[in-house]
Amino acid sequence: MKDVVTRFAPSPTGYIHIGNVRSAIYPYLLARQNNGKFILRIEDTDRERYVEGATELIEDTLKWLGLEWDEGPIVGGDSGPYFQSERLEIYHDYVRKLIKSGRAYADPTPPEKIDEYRKICNEQKKPFLYRNFRPEKLDFSFKEGVPIRFLSDPKDRKWTDAVMGEMAAGPETQDDIILIKKDGYPTYNFAHIVDDAEMGVTHVMRGVEYLSSTPNYLALYEALGLKAPILVSLPHILAPTGNKKLGKRDGAKSVTEYRDDGVLAEAMLNYLACLGWNDGTEQEIYTKDELIQRFSLDRVQNSGARYDETKLLWMNGQWIRRIFDKNGAEALYNKTEGFWPETAKSYSDEYRLKVLSIIYDRLKTLGDLREMTGYFFNDPEIDTEMLKGNKFLKKLSEAELEDLMKKSIAKLSSVQDWNEETLQDALNLLLEETEQKPAVLFSLIRIAISFAPFSPALNLTLNVLGRETSLARLNAVARSI
């Protein structure tokens, strides 16, 4: 496809949810795949729902995900302004064209009267269509403080949706919708059509909930003499139960909350791109470049995709290991700022890098570092009940535990060159000398130095902690038994 122009046009009304971000990912991928243009536009005409700082949150989230925009806030461009609140004259010019051609009118009907019309329809069990109550004499003029409505021309309409296929709707789906509100701001139904036309947008991707409004949009394109862009309806992201659209109450957090919990941008992008799309293979882990290469609209499913946080966290763990294995320990370490225990601040980058290098393959999120690495930065509180209650150690008497601890301390104290290999050799010799099972011996030493539910391989943990710390902790536990 040539000259592809797509856009992401969020409203700054609060946090960015999962479905909203997916509506940015697909147009971004399509634009990049075709060497086209990806535009960020802020639809801030609903002043009552406007939230201070929400625009910055949108920009920050897109940057974090690597969805850089070619035109829009910050970067500028030829199609600005990129805030709808700064484009009011453009909308007014378009609505004047419709008024001049007899396709829009000023409607001073008060809201309470419209409520009466709606009540009549409810009582008659008929769908409410304002065009059935429009004033007999229409005012074809532009007046400040008075809503401007579209003069509809209801008829059968057909169109092709790139995901949903061939679509059709009857006259009952079209109405005299409001174009300009009494405060002078346009409605979404009008503004996005004007903006997309002015910005040369070729593909309009949005949630399937807008499908029912498409006949009204087509009527507006027709009345304005505009060619409709390619329409792409994205199915809902469903709650884990699969029976409704995903919402806050279903446990899904905002994208920024997942970021703060330690989910990587690479994993979030990967997961959301594949939530309702696949390339026909069994592959699950995709880089951004691979997604750009393989994305296609004909592989976007036309039914809802079930949100699965467990799958997201699994994928995040895969990405943590991938970054470490492919790009090196430092590449992953550079992403861990803010996720370490508070006590880790007094330790060097070199030491924390060593800790990360032996624990990274157990992480589901970077936030797990806080819970999993505390004993590397602070001597753990001795818990003899945890030691004696361990499933591998509870069969041993106190005398046997004490004897095993003394032999462990003696053997490890004899290690001169303290490293992974010599420590493993010493542990293997200790197994032979004590004739104990690894689960028993290693559980004793592991708990004594960490008092944590788990730790990496014992020789690796001892090596990172160092000789002095390891032996001091073992001796402290020995005295407490």
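Only the coordinates and a few stated rules stand behind these numbers; no lab work does. Fair warning: this is a prediction, and the values are worked out from it, not measured in the lab. Neighbour counts are summed over all protein chains in view; Cβ atoms, including those assigned to glycine, are modelled from backbone coordinates with ideal geometry.
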Exercise. How large is ³J(HN,Hα) for each residue in region 256-273, as worked out from phi by the Karplus curve 6.51 cos²θ - 1.76 cosθ + 1.60 (θ = phi - 60°), to whole Hz, x for Gly and Pro?
Worked result: 5, 5, 5, 4, 5, 7, x, 7, 6, 4, 4, 6, 5, 4, 4, 5, 5, 5
Seminar exercise, completed: Longest principal axis of the chain (C-alpha) makes with the long axis of helix 420-434 (C-alpha) an angle, in degrees to the nearest 10, of 50
Exercise. For the peptides 327-340, 182-195, what is the packing order when you average, over each peptide's residues, the other Cβ atoms within 10 Å and list the highest mean first?
Worked result: 182-195, 327-340
Exercise. So which trypsin sites (Lys or Arg not before Pro) in region 393-481 are both in a DSSP loop and have at most 16 other Cβ atoms within 10 Å of their Cβ?
Worked result: K394, K395
Problem set entry | Helix axis angle, 467-480 relative to the chain longest principal axis, alpha carbon, degrees | 70
Problem set entry | Nearby lysines by direct alpha-carbon distance to K388 (threshold 20 angstrom, same-chain neighbours under 8 apart not counted) | K406, K407, K437
Exercise. Can you give the % of DSSP beta bridges in the chain that are antiparallel, to the nearest 5?
Worked result: 50
For this session: Could you calculate the contour length gain from E284 to E89, that is, 0.36 nm times the residue separation minus the distance between their Cα atoms, to one decimal place in nm?
Result: 65.5 nm
For this session: Write out the trypsin sites (Lys or Arg not before Pro) in region 2-78 meeting two conditions: DSSP loop, and at most 13 other Cβ atoms within 10 Å of their Cβ.
Result: K2, R47, R49
Exercise. If you line up the long axis of helix 309-327 against the longest principal axis of the chain, both from Cα atoms, how many degrees apart are they, to the nearest 10?
Worked result: 60
For this session: Please tell me the relative contact order of the chain in percent, rounded to the nearest whole number, where contacts are Cα pairs under 8 Å and at least six residues apart.
Result: 12
For this session: Name the lysines eligible as straight-distance cross-link partners of K126: C-alpha to C-alpha under 30 Å, and not fewer than 8 places from it in the same chain.
Result: K113, K137, K155, K158, K181, K182, K244, K245
For this session: Please sort by residue number the GluC sites (Glu not before Pro) in region 110-170 whose DSSP state is loop and whose Cβ has at most 16 other Cβ atoms within 10 Å.
Result: E136, E144
Problem set entry | Estimated FRET transfer efficiency when R0 is 25 angstrom, pair E433-T384 (beta carbons, to 0.05) | 0.50
